[in-house]
Amino acid sequence: MSDSSASTVPDGCIWLVLLHEENSFFYLEIPLDTITSLCLTPRKYLLFLGWCVLGVEGVLDTTRDGDGISTDGDLVDQGMYYYVADIAGLQHAVDLEVIILRTNVPSESTDTRDGFRQDLLERDVCCVWTGADESFGVAMHIIPYQRGSEWFRLIVENRPKYGEHATRLHGINNIRNGVFANLHIHQGFDSRRVAILKTPNRILGVDDIPLGTDRELLDNVSYPTDSRYTLQWLTTPARFVAVPNNGDAAFKKDTKLPKPSDLLLHYNYGAAAVKMWGHGYEVLQNRANLPRPAVPVPAPTGASKKVHDRQVAIRKRDEARVVPLAGSSTVGAGAAESVESGAQMRWDEDDVMLFFWGNSKAAKERHEKKINENVRRVEQWSGGVSQASV
């Protein structure tokens with residue numbers, strides 16, 4: 001984690017500031033070469049990143065309170081850009097630390113896992129970017145499986161849908177939360193070095209993205225005629241990498257099965273950007289100032305060995321994330337103690353995404369609606385008790 005109050009942008013990079021607190025920032029530090037390799041309209045790309053990460057629409061400017069600059073120009077080396085959006089009222093509709101500590105991997109049977117794979121193969125036939133057959137591929141989740149159903153639900157509920165039928169996104173093994181890909185792509189995607197850019201979207205059109213290398217397609221697959229699902233490297237790949245940059249996905253011809261969810265792909269792209277380029281996490285954690293639960297909610301008893309192994313992996317991940325926050329007076333605390341208090345837990349890219357998405361306008365409206373419904377139920381119950389006592 002770097003010092004978010006530093007004022008020097010490295011040579012060959014730009015900063016995209018997403019949140020500022022006095023002289024400290026949460027920002028993305030992105031190499032210019034990477035931006036130009038991924039998008040033909042670099043300013044629009046920064047606007048897209050801000051929209052993905054924060055979950056709200058805004059403008060791009062060179063000052064923190066600007067009205068917006070043209071998105072048609074080039075970027076300036078060592079330039080500092082701001083994504084200006086209405087995020088001043090972060091009320092934390094989602095209690096992120098509670099969600100982190102109670103996240104449990106859902107029980108997964110062999111039938112469930114095989115069913116997800118078969119659903120994807122019915123739509124995708126093979127690896128959608130390389131054509132590798134099913135024996136060399138895996139059923140790849142867009143929202144990581146280990147995040148669990150609660151995380152998945154909050155992502156779907158807290159993002160403006162822009163016309164997508166998100167109410168049909170039920171469960172983390174939904175076909176729209178997956179793509180069939182070869183093992184190399186899965187490894188890059190899982191580590192967030194590779195992401196999928198869906199166009200058109202709210203910011204970018206299909207012509208804003210460079211065309212990848214042509215490849216021969218199987219007879220029963222084709223590229224979508226009105227959209228692109230472009231695989232992009234957010235880090236510089238090896239010269240002879242097995243997965244070319246800016247390759248487009250091809251799906252089974254004449255299928256009515258739904259394509260991967262726009263909403264989930266945008267979430268994942270934002271999370272990948274945060275992991276690869278994010279700095280100043282402490283600005284978010286210090287701002288949140290949340291009440292912490294005393295202990296995590298235990299996982300269900302009687303889990304299979306596979307589920308147990310996944311839970312162990314999650315625990316190790318969370319222990320690895322336990323680091324002192326900036327300004328923390330707690331020094332030398334054990335990992336378990338820190339996880340229980342929640343106060344020392346370092347956020348990862350998914351935590352950052354849920355923090356912002358959980359404070360979007362849509363999330364706040366949903367949160368207020370839930371509060372009003374609870375008040376109404378209490379009033380109805382109270383009225384019923386009063387009548388019964390008369």
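Here, each number is a calculation from the coordinates, and none is a lab measurement. A quick note: this is a predicted structure, and the numbers were derived from the prediction, not measured. All Cβ positions, even for glycine, are placed from backbone atoms using ideal geometry, and neighbour counts span all protein chains on display.
3J(HN,Hα) couplings calculated from phi for the range 44-51 with the Karplus curve 6.51 cos²θ - 1.76 cosθ + 1.60 (θ = phi - 60°) are, in sequence order, 5, 5, 4, 4, 4, 4, x, 5 Hz; Gly and Pro show x.
Here the relative contact order of the range 106-273, from alpha carbon pairs under 8 Å that lie six or more residues apart, stands at 30 percent. Each label point was placed 7 Å from the Cα along the Cα-to-Cβ direction; for HIS170 and THR225 their separation is 3.2 nm.
For a modelled paramagnetic label at ASP61, 7 Å from Cα along Cα-to-Cβ, the residues of the range 5-49 in reach, with backbone nitrogen under 20 Å, are 15-28, 43-49.
Over 26 Å apart at the Cα level, from the set LYS44/LYS198; LYS161/LYS275; LYS44/LYS253, are LYS44/LYS253.
Plainly put, the range 106-273 has a radius of gyration that is 0.93 times its Kirkwood radius, both from alpha-carbon atoms, as the Rg/Rh ratio. Centre-to-centre, using Cα atoms only, the range 143-159 and the range 12-73 are separated by 26 Å.
Neighbours of PHE180, meaning other residues whose beta-carbon lies under 11 angstrom from its beta-carbon, give a summed charge of -2 when Lys and Arg score +1 and Asp and Glu score -1. Charge tally around PRO31: other residues with Cβ under 12 Å, Lys/Arg +1 each, Asp/Glu -1 each, net -4.
Ordering THR235, THR230, THR34, THR62 from the fewest to the most neighbouring beta carbons within 10 Å gives THR62, THR235, THR34, THR230. With θ taken as phi - 60° and the Karplus curve 6.51 cos²θ - 1.76 cosθ + 1.60 applied, the whole-hertz 3J(HN,Hα) list for the range 272-282 is 5, 5, 5, 5, 6, 10, x, 9, x, 4, 4 Hz, x standing for glycine and proline. Scanning residues 5 or more positions from CYS13 or on other chains, those with amide H under 5 Å from its amide H are LEU32, GLN78, with H placed 1.01 Å from N in the peptide plane. Less than 5 angstrom separates the built amide H of VAL221 from those of LYS253, all sequence-distant by 5 or more or on a different chain. Put in line by how crowded their Cβ is, counting other Cβ atoms within 10 Å and starting with the fewest, ASP65, ASP248 read ASP65, ASP248.
Taking 0.36 nm per intervening residue step and subtracting the Cα-Cα distance, what contour gain separates ARG113 from LEU40 on full extension?
22.4 nm
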